[in-house]
Amino acid sequence: MPQVLTHQQLLETAKEFGTPLYVYHAERITEQYLRLKEAFRETNASFFYACKALTNVNILRHIRQIGCNVDCSSVNEVKLALSAGFEPARILYTSNNIAFSEITEAVGLGVNINIDSLSNLRKFADQYGHSYPVGVRLRPNIMAGGNIKISTGHGKSKFGIPVEDIDKVIDLIREKDLQIRTLHIHTGSEIKDVEVFVKGIEVLFDLAPRFPALKTIDLGGGIKVPYKPGEEGTDVALLGKRVKEEFEGFAEKTGRRLQVWFEPGKFLVSEAGYLIVQTTVLKQSGATCFVGVDSGLNHLIRPMFYGSYHHIENISNNSGALRPYHIVGNICETDSFAEDRMVAEIREGDYLVLYNAGAYGFEMASNYNARFKPAEVLVKDNKAQLIRRRDTLDDLLATQLILKD
Ligand code: LLP
C-alpha cells in the first residue's frame, strides 16, 4: 500500500495551520522515486523532477536529498533549483519559446539545456558552436496525454522543433560543429499507455544515426498517476522493461549505448499533496446541494481548466451517510471542484480534503479576487512544518507602486 496521510493527521494539521492548506508528504515523494529507480534498475536511466509541478524550495531540497535531479521550465526555476543546492550538472533546463537571452543566462549558470526552436538553436550555434553541448526538443507528431490541453507532441503543438525540420538541425551540426548530446520529446501529461513512450523512442532512434555526439534520449514527463479511486496509472515496471528492451535492441544493432532521461512531475508529487478546505455555507437549490468552501479555482484550477477529477472526502465526518454534492469555491466566477459528487454528509464547518493536489496545485494558484494563496505544510518524519506562510494584505500590496494624487 502506498504511504498516505490519514484523515486524522490531515485534520490535525488543518486545525493547527488553518485552511485552505496544502499539505505535502515527503516520504510519499521518496516512495515514488524509488519505484522509478527500481523499475529502471537495469537501464542507464536518470530522472529529472519537472519542478513546474511544485517549486517550493523545501520540496526541491527533498528531491535533491533523495538523489533525484531537476528539470526546469524557466530560468527562474533554474535559480530556485540552484538555491535548493542542486549542482548545475543535475539541473536540466527544457525551455519553450523563450527569448535567447534566457538561454545565454542558463549557459552562464552551467546547466544542461534543451532548445525547442530552430531560431534559438541557430543563435546558440552562432554564439557557442562546439563549446557547449546541448539538447534539442523535437516535436514527434505523436498524439498523447490525458486531454488536448496537456498534449504537447502532436502535429499542431507549439512545442519543439517539428521533426520534419530535422535536416535544418543537421545542417547546424555541419556548419557550426554543434554538439547535440540529447534528443528530447515530451508528448503529453498523463500517458497511461506504455507503448506511446515506445513510439517516441522509435522516432528518436530512427534519427540517432544522424547525431554523432548523441548520448541521451530524453523522453520528458507524462507518467500517469491515478486520480480516481480504482483508476490505474502507467505501469512503471512495464515501462522500465520496454525501455530496457528498446535500448538494448538499439545497442545491439548500432553498438551505441545511449542513456535515457525522464522528467516526471505528476508521478513524483501529485499523490503526495493534499488540499484541505473548510466548508463555509450549504445552499440547497431544488435537488442540488451546493457546498461552499473557503477556496476555489484560485487555489486549484485543474477542475475548471482541464475538467480534472480530484477525489474529495469529508475528513471531519467521514462516517456520515454518502450524499451527492456540488462542491464549489468562493470565487466570483463559476468555480466548481466537483458536481454530483458522493461525499459523507457535509455540515457547515466540516473539513474536506482534495487528493492529488501536489502537482500543479499551489503552483498554478493565484491571488484572484485579492484572496490569499493557501499556506503550505510539509510532513516529514511524522512532523508537520510550515514551508510557506499564508499571504497577508501587505503581500498583495508589496509589488504595487502607489502613485501620488
Ligand atoms: N517535461 C516537460 C518538457 C513538460 O512540459 C512537462 C509538463 C513535464 C516534463 C512534466 O509532465 P508530468 O510528468 O507532470 O505530466 N498543468 C497541467 C500539466 C501541464 C504539464 C506541462 N508540462 C496539469 O495540471 O495537468
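The values are calculated or read from the model by the stated rules, or taken from the named source; none is laboratory data. Since the model is a prediction, treat every value here as computed from it, not as a measurement. No Cβ is skipped: glycine too gets one built from the backbone with ideal geometry, and neighbour counts run over all protein chains shown. Please note that ligands, DNA and RNA were not included when accessible areas were found on the heavy atoms of the full protein model with its side chains. Shrake-Rupley method; radii C 1.70, N 1.55, O 1.52, S 1.80 Å.
Write out, first by first residue and then by second, each pair whose Cβ atoms fall under 9 Å of each other, whose residues are 6+ apart or on separate chains, and whose first residue, in the range 297-316, is on the phi > 0 side of the Ramachandran plot and at pLDDT 95 or above while the second is within 13 Å of the ligand (Cβ to nearest atom) and not in a helix (DSSP H, G or I). Short answer, once both residue conditions are applied: GLY307/ASN147.
Only residues that are in a loop (DSSP other than H, G, I, E, B), crowded, with 19+ Cβ neighbours inside 10 Å and small (Gly, Ala, Ser) were counted across the range 309-350, and they come to 2. Would you mind stating whether GLU202 is over 18 Å from the mean Cα position of the chain (by Cα) and either in a helix (DSSP H, G or I) or closer than 21 Å to CYS68 by Cα (or both)? The answer is yes for GLU202.
If you check LEU214, LEU183 for being under 20 Å from ASN69 (Cβ atoms), assigned to a loop (DSSP other than H, G, I, E, B) and free of Cβ contacts under 8 Å to residues at least 60 places away in the same chain, only one passes: LEU214.
Given the structure, is PHE124 more than 12 Å from the ligand (Cβ to nearest atom), open to solvent by less than 50 Å² (accessible area, probe 1.4 Å) and in a helix (DSSP H, G or I)? Considered against the rule, which asks whether it is more than 12 Å from the ligand (Cβ to nearest atom), open to solvent by less than 50 Å² (accessible area, probe 1.4 Å) and in a helix (DSSP H, G or I), PHE124 comes out as yes.
In the range 182-196, the residue that is least open to solvent (accessible area, probe 1.4 Å) out of those that are away from the ligand (no atom under 12 Å from the Cβ) and closer than 15 Å to SER151 by Cα is VAL196.
Against the list (1) part of a strand (DSSP E or B); (2) within 13 Å of the ligand (Cβ to nearest atom), the condition GLY221 fails is (1).
In the range 98-109 there is no residue that is under 21 Å from the mean Cα position of the chain (by Cα) and part of a strand (DSSP E or B).
Restricting LEU82, LEU60, LEU54 to those that are touching a helix residue (DSSP H, G or I) at 6+ places or on another chain (Cβ under 8 Å), open to solvent by 20 Å² or more (accessible area, probe 1.4 Å) and hydrophobic (A, V, I, L, M, F, W, C) reduces the list to LEU82.
Here TYR93 qualifies as within 11 Å of the ligand (Cβ to nearest atom), on the phi < 0 side of the Ramachandran plot and modelled with pLDDT of 95 or more. Considering the conditions (1) within 23 Å of PHE267 (Cα to Cα); (2) in contact (Cβ under 8 Å) with a residue 24 or more places away in the chain, GLY230 is excluded by exactly one of them, (2).
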